[in-house]
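Take this structure, written in structure tokens, and hold onto it; I'll ask about it next.
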Amino acid sequence: MSTYLYLAAAIVMEVIATSFLKSSNSFTRLVPSIITIAGYAAAFYFLSLSLRTMPTGIAYAIWSGVGIVLISLIGWIWLGQSLDGAALLGMGLIVAGVVVINVFSNSVSH
């Protein structure tokens, strides 16, 4: 499995875990709590695998940036949370930053 697939798996697991965090009701509901804990454990496992070949700062920037955008979209689409212009602009800048890192940074290949 490639570094980017490990990182993608880490992002997906983190997004699933974070999506269930609110419904865990401060870890008082069993099933959402288990999904949250298992999701974060899997996210960190896959993130650790991506760190074998990718610098920590780069991996974390991509992981957190993409995670922020995905969680915000899930909150907007499924939880009815609002996103104003400033939030959308900020997420656009995050996406632009992730693209710049992946396209122009030589750090990713080390």
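Give me the residue from segment 36-66 that is within 19 Å of residue 97 (Cα to Cα) and among the β-branched types (Val, Ile, Thr) and, out of that set, surrounded by the fewest Cβ atoms within 10 Å (Cβ to Cβ).
56
Another question, if that's okay. Only one of these is at pLDDT 90 or above, out of contact with any Pro (no Cβ under 7 Å at 6 or more places or on another chain) and hydrophobic (A, V, I, L, M, F, W, C): 77, 101. Name it.
On the way: 101 fails: at pLDDT 90 or above.
Step by step, each of 77, 101 is checked, and only 77 is at pLDDT 90 or above, out of contact with any Pro (no Cβ under 7 Å at 6 or more places or on another chain) and hydrophobic (A, V, I, L, M, F, W, C).
Could you figure out which of (1) within 26 Å of residue 61 (Cα to Cα); (2) modelled with pLDDT of 95 or more isn't true of residue 19?
Result: residue 19 fails condition (2) only.
Is at least one residue of segment 74-95 outside any loop (DSSP other than H, G, I, E, B), touching a residue at least 40 places away in the same chain (Cβ under 8 Å), closer than 22 Å to residue 16 by Cβ and not polar (S, T, N, Q)? Spell out the reasoning first.
Step one: filter segment 74-95 for residues outside any loop (DSSP other than H, G, I, E, B), giving 74-77, 85-95.
Subsequent filtering for residues that are touching a residue at least 40 places away in the same chain (Cβ under 8 Å) retains 74.
This time we only want the ones that are closer than 22 Å to residue 16 by Cβ, so: 74.
If we keep only those that are not polar (S, T, N, Q) too, we end up with 74.
So far as segment 74-95 goes, yes, one or more of its residues are outside any loop (DSSP other than H, G, I, E, B), touching a residue at least 40 places away in the same chain (Cβ under 8 Å), closer than 22 Å to residue 16 by Cβ and not polar (S, T, N, Q).
So, in segment 1-35, how many residues would count as being in contact with a helix residue (DSSP H, G or I) (Cβ under 7 Å, 6 or more places away or on another chain) and either assigned to a helix (DSSP H, G or I) or surrounded by 17 or more Cβ atoms within 10 Å (Cβ to Cβ) (or both)? Show your work before the answer.
Step one: list which residues in segment 1-35 are in contact with a helix residue (DSSP H, G or I) (Cβ under 7 Å, 6 or more places away or on another chain), which gives 3, 6-7, 9-11, 13-21, 23-24, 27, 29, 32-33, 35.
Of the ones still in play, those that are also either assigned to a helix (DSSP H, G or I) or surrounded by 17 or more Cβ atoms within 10 Å (Cβ to Cβ) (or both) are 3, 6-7, 9-11, 13-21, 23-24, 32-33, 35.
Of the residues in that region, 20 qualify.
Looking at (1) free of Cβ contacts under 8 Å to residues at least 24 places away in the same chain; (2) of a type outside the set (D, E, K, R); (3) within 22 Å of residue 103 (Cβ to Cβ), which one does residue 27 not meet, given that it meets all the others?
Among (1) free of Cβ contacts under 8 Å to residues at least 24 places away in the same chain; (2) of a type outside the set (D, E, K, R); (3) within 22 Å of residue 103 (Cβ to Cβ), residue 27 violates only (3).
The values are calculated or read from the model by the stated rules, or taken from the named source; none is laboratory data. The structure displayed is predicted, hence computed values, not measured ones. Heads up, the Cβs are rebuilt from the backbone with ideal geometry, glycines too, and the neighbour counts pull from every protein chain shown.
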